Amino acid sequence: MSTLSFGVSRGHVELLQFLRDRTAMIFTFAFPAMLLLLFGTIFSDSYDQPGVSAAHVFSASMIAYGILTTAFVTMGAGLALDREDGTLKRLHGTPITATSYVLGKLLLVAFLAVAEAIILVAVGALVFGMSLPDASHWLAFVWIFLLSVISSSLLGMAISVIVKHGRTAGAILNVPVVALQFISGVFIYPVIQLPSWLITIASFFPVKWSAQGFRYVFLPDGMRVNEAAGQWELGRIALILGAWCVIGLVLCLMTFRWTRPDQ
Amino acid sequence: MTAIEVRGLRKAYRGHEVVRGIDLEVGRGEVFALLGPNGAGKTTTTEILEGHRRRDAGEVRVLGADPGTAGPDWRARIGIVLQNTEDAADLTATEMVRHIAGFYPDSRPVAEVIGLVGLEEKKNSRIRTLSGGQRRRLDVALGIVGRPELLFLDEPTTGFDPEARRHFWDLIRTLAAEGTTILLTTHYLEEAEALADRLAVLAAGQIVAEGTPATLGGRAQAGARVTWHENGVARTEQVDDPTPLLRKLVAADTDLRTLTVTRPTLEDIYLNLIGAHR
């Protein structure tokens, strides 16, 4: 099946290029880990749960942030750059299909997101003594992780059409990324400290749900009282992340272009 | 058999028409050159034929298909040498050629293609370290690796030194001898003359002349300029046919050591055509 094998071939060269670009590699992986180390050290809030520290909460929530930087930003900036430097034009002149190209990008994103999650969980466990969850929680981790990566990637692809130049991509893409961190319970926790209208806004976007999901996976069950609804709301997490996957896919199908619009 | 058939092609960007009714026919196995100044519509026309751009009006058949709707099977039969690319900077030349080769059903061996474009010395270098001319040679390698029936070359030798250009011409002649149809756009008149079976001149979105390098724009009928020295005085005559004049000079036992007979170069004809359509 050439769609699949061409996609794997794309994934291979995408990864090769990423690994050879040291700057991109260091920033992508080191930045969330550094933030986690800083936050985990600076904030020492304690909760009504024995053995849970602010560092544990950050370790869990920041996996959502790690997915945004690896999936949403990598996709959004990557497509804009590929459109700019001729990668897409080159490929469009060969028998490869758009599906294979996107598959290659998704393979890159999957690799990056998994590596990022491993780094964050490792920092949480080794530096801050966060305990690792049991099998049923790991199972939840898998689906929350998959839905988060897919929705973030698709939305990143869709937003790349409004990024005109590769060099401005980082600046544009970081606006939603940073804003959503603040209102989605990643940087500010518990989220109930925020005005309720802000929580309502955050609830429309996927980040709140994915951060909440990762807290479910890594924190003791009693911590649910700190969530906006006082519950983990697993069903709602699945529903909203799933809906964003569908919305992202529709937006991508509507907006994907091989080349920049006519000059 | 025609490889490319174009009737009444039109394309406008934001209301400004850059291709204004082009008709074109390129036979299988032909090397066809499209000449014209910057902004004449060469690249737009080429990109429409490659399937990279939509057209506003006109009929286009390339290898029997409409490039606007043709799919992967059609793309496997064409090769495109792009202009101004910066992609894959962190891959090596060999890695990139191998990667692109993998998309074609009957690709050339990677080492052979690297050799054909003369990149052996740089084959394991990162693409970002290649010079402008080497980068263009890589673009050519990527255009021909799939053994295309039809090859698009958009200003392929920009940035080549003279030796690399000669080497490239030999490569094009080899491909043409194998039966590859080639559509070439170029700024270099001597390149068109050296390679093209037929050529067309584009000016302001229209074809203003079409022919072979020898006959374009009435070149075959154009007169000759004869110069010589008579008793130390420079003499020049513009004649339709130099034969009678030369006979007369020989008969008169004139000293012909400085004799020149100049017919218009392709460049003279081209500049005339472009000048008349400004």
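The values are calculated or read from the model by the stated rules, or taken from the named source; none is laboratory data. All of these numbers come straight from a predicted model, not from anything done at the bench. Here Cβ is always computed from backbone atoms with ideal geometry, including for glycine, and neighbour counts include all displayed protein chains.
Output the residues belonging to the stretch B:61-77 that are in a helix (DSSP H, G or I) and under 23 Å from the mean Cα position of the chain (by Cα).
B:W74, B:R75
Considering only the stretch A:189-242, state which residues are without any contact (Cβ under 8 Å) to a residue 12 or more places away in the chain and either within 20 Å of A:D134 (Cα to Cα) or crowded, with 20+ Cβ neighbours inside 10 Å (or both).
Across the stretch A:189-242, the qualifying residues are A:D221, A:R224, A:Q231, A:G235.
Taking the stretch A:132-151, which residues are of a type in the set (S, T, N, Q) and in contact (Cβ under 8 Å) with a residue 60 or more places away in the chain?
Correct list: A:S148, A:S151.
Out of curiosity, is B:E267 surrounded by fewer than 17 Cβ atoms within 10 Å (Cβ to Cβ), under 20 Å from B:P37 (Cβ atoms) and in contact (Cβ under 8 Å) with a residue 24 or more places away in the chain?
In short, yes.
Which is closer than 24 Å to A:D85 by Cα, away from chain A (no Cβ under 13 Å) and of a type in the set (D, E, K, R), of B:R98, B:R137, B:R54, B:R126?
One residue alone meets the criteria, B:R137.
Residue check: is A:R90 buried (at least 18 other Cβ atoms within 10 Å of the Cβ), more than 21 Å from A:S153 (Cα to Cα), without any contact (Cβ under 8 Å) to a residue 12 or more places away in the chain and within 14 Å of chain B (Cβ to nearest Cβ)?
yes
Please enumerate the residues belonging to the stretch B:57-74 that are in contact with a Lys or Arg (Cβ under 6 Å, 6 or more places away or on another chain) and either of a type in the set (A, V, I, L, M) or facing chain A (nearest Cβ under 7 Å) (or both).
B:A57, B:L63
For the condition surrounded by 16 or more Cβ atoms within 10 Å (Cβ to Cβ) and out of contact with any Pro (no Cβ under 8 Å at 6 or more places or on another chain), what is the one hit in B:V6, B:V60?
B:V6
Hey, any hits in the stretch A:201-213 for a residue that's part of a helix (DSSP H, G or I) and over 20 Å from the mean Cα position of the chain (by Cα)?
No: zero hits.
I'd like to know if the stretch A:77-85 contains one or more residues that are more than 14 Å from chain B (Cβ to nearest Cβ) and either out of contact with any Phe, Trp or Tyr (no Cβ under 8 Å at 6 or more places or on another chain) or surrounded by 18 or more Cβ atoms within 10 Å (Cβ to Cβ) (or both).
Within the stretch A:77-85, one or more residues are more than 14 Å from chain B (Cβ to nearest Cβ) and either out of contact with any Phe, Trp or Tyr (no Cβ under 8 Å at 6 or more places or on another chain) or surrounded by 18 or more Cβ atoms within 10 Å (Cβ to Cβ) (or both).
Determine whether the stretch A:76-86 contains at least one residue that is assigned to a loop (DSSP other than H, G, I, E, B), in contact (Cβ under 8 Å) with a residue 40 or more places away in the chain and among the charged types (D, E, K, R).
Within the stretch A:76-86, none of the residues are assigned to a loop (DSSP other than H, G, I, E, B), in contact (Cβ under 8 Å) with a residue 40 or more places away in the chain and among the charged types (D, E, K, R).
When you go through (1) among the basic types (K, R); (2) surrounded by fewer than 17 Cβ atoms within 10 Å (Cβ to Cβ); (3) within 30 Å of B:G8 (Cα to Cα) one by one for B:R77, which number turns out not to apply?
(2)
Identify all residues within the stretch A:197-220 that are farther than 20 Å from A:L146 by Cα and either touching a Leu at 6+ places or on another chain (Cβ under 8 Å) or modelled with pLDDT under 90 (or both); write none if there are none.
A:A202
What about B:F160, is it under 25 Å from A:T94 (Cβ atoms) and free of Cβ contacts under 8 Å to residues at least 40 places away in the same chain?
yes
Tally up the residues in the stretch B:75-87 that are facing another protein chain (nearest Cβ under 7 Å) and of a type in the set (G, A, S), please.
1
With respect to B:H16, is the statement that it is surrounded by fewer than 16 Cβ atoms within 10 Å (Cβ to Cβ), within 12 Å of another protein chain (Cβ to nearest Cβ) and either without any contact (Cβ under 8 Å) to a residue 12 or more places away in the chain or over 16 Å from the mean Cα position of the chain (by Cα) (or both) true?
So B:H16 fits the description; yes.
Conditions (1) away from chain B (no Cβ under 14 Å); (2) modelled with pLDDT under 90; (3) out of contact with any His (no Cβ under 7 Å at 6 or more places or on another chain), marked per residue:
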| residue | (1), (2), (3) |
| --- | --- |
| A:F6 | no, no, yes |
| A:H12 | no, no, yes |
| A:A30 | yes, yes, yes |
| A:S44 | yes, yes, yes |
| A:G66 | yes, no, yes |
| A:A71 | yes, no, yes |
